[in-house]
Amino acid sequence: MADMRIEFSGITLKNPIIIASAEPSNSVENIKQCIDYGAGAVITKTIGDIPGMQQLTKNSKYAILNDQGRIIKGKVPRSFIFYSRSGYVSEPAADWISILKETQDYAAANGSAIIANIASGTLEGWVELARMCEDCGVPMLEVNFQCQHPAGMAEGAEGVWIAQDPEVTAKVTRAIVEAVNIPVMVKLSPETNRLAEVARAAIKAGAASVAVNSRFVGFAVDIETAEPYIDGPAGVGGPWAKYITQRWVNEIYRDVGCHISGSNGIFDWRDAIEFIMSGARAMQVGSVLMLKGIEWLPKVIDGMEKFLDDHGYPDIASIHGIASKKAMMTAPELFAVDPVYTLIDHDKCKFPKCNICTRMCFYDSLKEGKSHIQTAPETCIGCELCLNVCPFDAISMTADKELALKSQAQFADGAAQAAVPAAE
């Protein structure tokens with residue numbers, strides 16, 4: 001069986017699945033249940049010192065929407081949109097001293113770990129919370145830089161989330177890192193186009209890793225009532241967001257080269273594998289557990305292990321960043337790729353009953369003939385849209401232009417037709 005263990009931010013985890021900072025980690029009972037179901041680590045719901053954020057949790061609101069923007073009732077599909085508003089743990093930070101000690105002892109006894117998520121309204125508060133959690137025995141911190149910082153924390157940065165500003169990120173990170181002796185993970189915000197720059201600033205300031213990333217802020221409307229869902233703006237995430245998140249995972253993996261925990265977009269083991277292949281060492285699971293139950297967790301972990309076994313990968317390290325390493329990131333790289341051309345397997349093609357490929361070709365490379373789809377290699381740019389939409393696997397691509405031209409000639413209207421093999 002594949003080895004699911006990973007080295008992450010200086011600690012060893014039995015598997016790369018980490019419970020995200022959310023409702024499934026807001027109590028002793030929930031945290032222990034996550035550990036019982038196999039979590040590699042559990043990140044606590046945010047422990048903070050901002051009264052408004054603690055009160056906000058008591059007024060939490062949730063709306064689970066489908067791809068038509070309507071409330072989902074019953075079974076939750078893979079395409080759900082998680083729209084919600086919540087805050088930090090409701091209890092004062094000091095009340096979590098006993099909780100952290102109890103859950104860390106339980107985690108250690110079961111091969112797991114507790115990661116304390118913290119947030120503060122002052123620089124001194126960040127340091128105090130970090131030291132408090134370290135004294136409780138947790139092996140790692142996650143700092144929630146999504147919250148707003150007060151005036152005076154950094155000149156000219158009032159009202160900006162910490163993770164939107166590289167300099168503020170570095171300043172707060174450095175203060176926390178210098179105050180404790182355990183690794184610190186910085187949770188980034190997607191509400192910036194400088195996310196890789198912010199990640200680099202956090203790492204240079206001493207962070208062991210970054211979490212990429214928290215949810216977006218969205219605005220969802222119920223058109224039947226002409227009102228916003230849950231009264232107004234809220235956090236928005238779900239499996240649909242994974243491609244955006246993985247964009248940043250890929251970029252930070254390549255450009256910064258640090259340890260990354262992927263967050264926002266996981267539904268099942270397939271998504272977890274995608275994140276690992278994009279460059280994340282670990283994956284954070286949150287909203288799907290709120291909708292499927294914590295018992296969904298083994299499906300993710302077992303599914304990952306089965307994938308590795310079925311594909312001959314000996315361990316998680318074998319797939320880490322494997323897709324990002326193959327990604328073409330510059331125009332010269334893309335321009336250097338050999339052109340490819342469309343080939344049609346006319347035995348599989350269902351023309352004239354099906355003509356979807358001609359309706360989706362905007363380069364005049366596929367046209368309807370009298371008895372066959374006609375190809376035009378001279379205008380084909382090799383975009384592969386036809387390859388992707390064909391429901392009968394009748395289309396393949398070839399780099400052999402002569403073969404494509406031969407096929408064009410053989411299946412032109414009025415030509416004597418001889419079978420041309422599809423490109424492998």
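The values are calculated or read from the model by the stated rules, or taken from the named source; none is laboratory data. Every value quoted in this text rests on a predicted model; they were computed, and no experiment measured them. Heads up, the Cβs are rebuilt from the backbone with ideal geometry, glycines too, and the neighbour counts pull from every protein chain shown. Side chains are part of the model used for accessible areas, which takes the heavy atoms of the whole protein and leaves out ligands, DNA and RNA. Shrake-Rupley method; radii C 1.70, N 1.55, O 1.52, S 1.80 Å.
A few remarks follow.
- Within the stretch 274-295, the set of residues being open to solvent by less than 10 Å² (accessible area, probe 1.4 Å), in a helix (DSSP H, G or I) and either closer than 19 Å to Ser209 by Cα or not hydrophobic (A, V, I, L, M, F, W, C) (or both) comprises Phe275, Ile276.
- Count - residues of the stretch 196-227 that are modelled with pLDDT of 95 or more and either among the basic types (Lys, Arg) or under 21 Å from Gly262 (Cβ atoms) (or both): 15
- Restricting the stretch 1-57 to residues that are surrounded by fewer than 18 Cβ atoms within 10 Å (Cβ to Cβ), in contact with a strand residue (DSSP E or B) (Cβ under 9 Å, 6 or more places away or on another chain) and of a type in the set (A, V, I, L, M, F, W, C), the residue that is nearest to Val186 (Cα to Cα): Ile11
- Test for Asp315: is it of a type outside the set (A, V, I, L, M) and either crowded, with 21+ Cβ neighbours inside 10 Å or closer than 17 Å to Lys242 by Cβ (or both): no
- Selection status of Ala199, assigned to a helix (DSSP H, G or I), within 21 Å of the chain's Cα centre (by Cα) and farther than 19 Å from Gly87 by Cα: yes
- Any hit, the stretch 161-168, residues being at pLDDT below 95, on the phi < 0 side of the Ramachandran plot, among the aliphatic types (A, V, I, L, M) and open to solvent by 10 Å² or more (accessible area, probe 1.4 Å): no
- Failed condition for Thr169, given (1) more than 28 Å from Val288 (Cβ to Cβ); (2) in contact with a Ser or Thr (Cβ under 9 Å, 6 or more places away or on another chain): (2)
To keep it simple, each residue is scored yes or no on (1) modelled with pLDDT of 95 or more; (2) assigned to a loop (DSSP other than H, G, I, E, B).
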| site | (1), (2) |
| --- | --- |
| Lys75 | no, yes |
| Gly87 | no, yes |
| Ala94 | yes, no |
| Ile97 | yes, no |
| Thr103 | yes, no |
| Ser112 | yes, yes |
| Leu129 | yes, no |
| Gly137 | yes, yes |
| Pro150 | no, yes |
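- Scanning the stretch 181-200 for residues that are out of contact with any strand residue (DSSP E or B) (no Cβ under 7 Å at 6 or more places or on another chain) and either among the polar types (S, T, N, Q) or within 25 Å of Pro16 (Cβ to Cβ) (or both) returns Asn181, Thr192, Asn193, Leu195, Ala196, Val198, Arg200.
- Met185 vs. criteria assigned to a strand (DSSP E or B) and among the hydrophobic types (A, V, I, L, M, F, W, C): yes
- Tally of residues being out of contact with any helix residue (DSSP H, G or I) (no Cβ under 8 Å at 6 or more places or on another chain), in a strand (DSSP E or B) and within 28 Å of Met53 (Cα to Cα) across the stretch 1-25: 1
- Set Val300, Val340: member being farther than 30 Å from Val285 by Cβ and at pLDDT 95 or above: Val340
- Residue pairs whose Cβ atoms lie under 9 Å apart, sitting 6 or more positions apart in sequence or on different chains, and linking a residue in the stretch 19-43 that is within 17 Å of Leu141 (Cβ to Cβ) to a partner that is surrounded by 23 or more Cβ atoms within 10 Å (Cβ to Cβ) and of a type in the set (Phe, Trp, Tyr), are Gly40/Phe8; Ala41/Phe8.
- As a summary of the residue check, Ala331 satisfies the conditions (1) surrounded by fewer than 21 Cβ atoms within 10 Å (Cβ to Cβ); (2) modelled with pLDDT of 95 or more except for the one numbered (2).
- Scanning the stretch 101-128 for residues that are open to solvent by less than 10 Å² (accessible area, probe 1.4 Å) and within 14 Å of Gly48 (Cβ to Cβ) turns up Ala116, Asn117, Ile118, Ala119, Ser120, Gly125, Trp126.
- Scan of the stretch 209-222 for residues that are part of a strand (DSSP E or B) and buried (at least 21 other Cβ atoms within 10 Å of the Cβ), ordered by number: Ser209, Val210, Ala211, Val212
- Residues satisfying the stated conditions in the stretch 223-262, i.e. closer than 19 Å to Pro190 by Cα, open to solvent by less than 10 Å² (accessible area, probe 1.4 Å) and either assigned to a strand (DSSP E or B) or small (Gly, Ala, Ser) (or both): Ala234, Gly237, Gly238, Ala241, Ile260, Ser261, Gly262
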